[in-house]
Structure formats: C-alpha cells, structure tokens
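Computed from the coordinates by the stated procedures, all read-outs in this text should not be read as laboratory data. Fair warning: this is a prediction, and the values are worked out from it, not measured in the lab. Every residue, glycine as well, gets a Cβ built from its backbone with ideal geometry; the counts of neighbours run over all protein chains shown.
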Amino acid sequence: MTQTEKLSAIVKALDSKKAQDIKVIRIGDLTVIADYFVIANGTSTTHTRGLVDEVDFRLGESGVHPARIEGVDGSSWIAMDYGDIVVHVFYRDVREQYNLEKLWSDGEAVDIRELL
C-alpha cells in the first residue's frame with residue numbers, strides 16, 4: 001500500500017464514521033517524526049474510540065497495522081503511529097486545547113477532497 005493509498009484509506013475511514021474537521025498536514029520537511037499528521041475529532045469519547053477502531057479495521061484489511069496506538073484508555077486523544085503517518089483523533093475540547101494545527105502551521109495543508 002502506497003503512502004497516498006494509506007492517507008486516502010485513513011481519511012475515508014474517518015469520514016465514513018462522521019469524524020469532524022478532518023485535516024491532513026504534510027510535516028515531512030519539518031521533522032523526522034512522520035511525513036503526515038491526520039487530525040480529526042469525535043463528538044464524544046465513544047465516537048472518538050469508534051473512529052480509531054474504524055481506521056485500524058480498514059487499514060488492517062490491507063495488512064497495514066500501526067506500530068502503536070496511544071491514549072486508548074481515556075479516549076480523549078488517541079494517536080495511531082503508522083510510521084510515515086500519525087493519526088490524531090481527539091475529543092473536540094481536547095483538540096481545541098492542544099491545537100496541533102497551530103503548532104504545526106509551518107506544515108503544508110493537504111486538501112482532503114483529493115483523498116476522498
């Protein structure tokens with residue numbers, strides 16, 4: 001699975017479960033952490049957990065599994081590490097508090113319409 005295919009699968013999985021405000025930021029030129037961050041939020045901790053489960057399921061069908069998933073217990077901020085792509089799924093209030101989009105504003109915003 002190519003990087004673009006993974007990004008597309010992640011965005012489609014989040015969109016299919018009604019994730020709010022999905023953003024993709026290209027950060028590869030800024031850090032060695034990953035090439036892309038995918039950021040989205042759910043409307044409740046249950047919704048947030050469901051979004052993560054859907055991404056894990058959809059990519060798992062293609063044999064792609066995260067190296068690790070952090071934050072599952074609290075479900076207010078869950079990070080999925082796919083190596084070149086890190087998926088951040090937040091509960092809305094927590095997303096506003098950490099504001100990763102502002103923190104990584106030097107990154108390049110990707111139009112998710114190209115991935116849907």
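Of note:
- Calculated P(r) of the chain - Cα pairs past 21 Å, %: 28
- Projected label distance in nm at Thr43 and Glu108, using a 7 Å step from Cα toward the beta-carbon: 3.5
- Peptide packing for 80-92, 42-54 was compared via the average number of neighbouring C-beta atoms within 10 Å per residue; ordered from the highest value, the list is 80-92, 42-54.
- Cα→Cβ-extended label distance, 7 Å offset, between Asn99 and Glu61, nm: 3.8
- Under the convention that each Lys and Arg Cβ holds +1 and each Asp and Glu Cβ holds -1, the size of the dipole of the chain around its Cα centre is about 300 debye.
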